[in-house]
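I have placed the structure first, in the form of structure tokens, so that the comments after it can refer back to it.
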Amino acid sequence: MNDYVLILISAALVSHLLLHRQPASRLRVHVCGLACALSIMLAVTGGQLLEHLIVAPWQLQELRMFLLLPWQALLAWGIPQTLARLRPQWPTQSLMWPILGNVMALGLTLQAIGEQGEWLATLSWGALAGLGFWLALAWFDDLRQRCEHAQVPGALRGLPIALLGASVMGMAFSGLNGIFTQ
């Protein structure tokens, strides 16, 4: 349940802060979703690699955050640069800030390190969390576009309706929680 709430609240805030300022095209939403998904997947797997190669052998558990934050900054700089080189027609300008501010990647990395799971399980967990974030970001952008055309009270427009949507989606996803644990 905590993972769903983390994904949905992060997607709601990124959607509100990044996509609400300027009219975002569908391509920009999906490029941002792809960049954040790659960031989450690489942050989780790279964080576990840092844990096993540097933190655990040298017993630097107190300095774990000082290793993970530069790793997150390197990903925030490298992923938009790589996407801009691979696909020059994609709108990758100003993608560094939402990736750098995506605290979900750091939280999931710390959670994966605490569980001491296998590499394949960590990689699939990071990939699925990234894809879930991408899907939630697209849903929140669609919710924002639909609220502009509907008769929604002015007090609920923007972040309040996004957070209400996140809570409803969180309740819907928590109903699926029992299905996958059996």
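At-a-glance table
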quantity: Options Ser124, Ser167: the member that is closer than 28 Å to Leu69 by Cα and surrounded by fewer than 17 Cβ atoms within 10 Å (Cβ to Cβ); calculated: Ser124
quantity: Pairs where the first residue, in the range 158-170, is under 19 Å from Gly132 (Cβ atoms) and the second is buried (at least 21 other Cβ atoms within 10 Å of the Cβ) and among the hydroxyl-bearing types (Ser, Thr, Tyr), C-beta under 7 Å, 6+ apart; calculated: Ala162/Ser15
quantity: Leading residue by the ranking (surrounded by the most Cβ atoms within 10 Å (Cβ to Cβ)) among those in the range 88-121 that are under 19 Å from Leu69 (Cβ atoms) and of a type outside the set (A, V, I, L, M, F, W, C); calculated: Thr109
quantity: Some residue of the range 115-132 being of a type in the set (D, E, K, R), part of a helix (DSSP H, G or I) and under 27 Å from His52 (Cα atoms); calculated: yes
quantity: Which listed residue is out of contact with any Phe, Trp or Tyr (no Cβ under 7 Å at 6 or more places or on another chain) and either at pLDDT below 90 or β-branched (Val, Ile, Thr) (or both), from Leu67, Leu75, Leu106, Leu63; calculated: Leu106
quantity: Test: residue in the range 10-22 that is hydrophobic (A, V, I, L, M, F, W, C), surrounded by fewer than 19 Cβ atoms within 10 Å (Cβ to Cβ) and modelled with pLDDT under 70; calculated: yes
quantity: Number of positions in the range 51-87 that are within 16 Å of Val103 (Cβ to Cβ) and loosely packed, with under 14 Cβ neighbours inside 10 Å; calculated: 4
quantity: Count - residues of the range 133-160 that are polar (S, T, N, Q) and part of a helix (DSSP H, G or I); calculated: 1
quantity: So Ala112, is it touching a Phe, Trp or Tyr at 6+ places or on another chain (Cβ under 9 Å), in a helix (DSSP H, G or I), of a type in the set (A, V, I, L, M) and free of Cβ contacts under 8 Å to residues at least 40 places away in the same chain; calculated: no
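The values are calculated or read from the model by the stated rules, or taken from the named source; none is laboratory data. All figures in this text were calculated on a predicted structure; none of them were measured in a lab. Cβ atoms come from the backbone with ideal geometry, glycine included; neighbour counts cover every protein chain shown.
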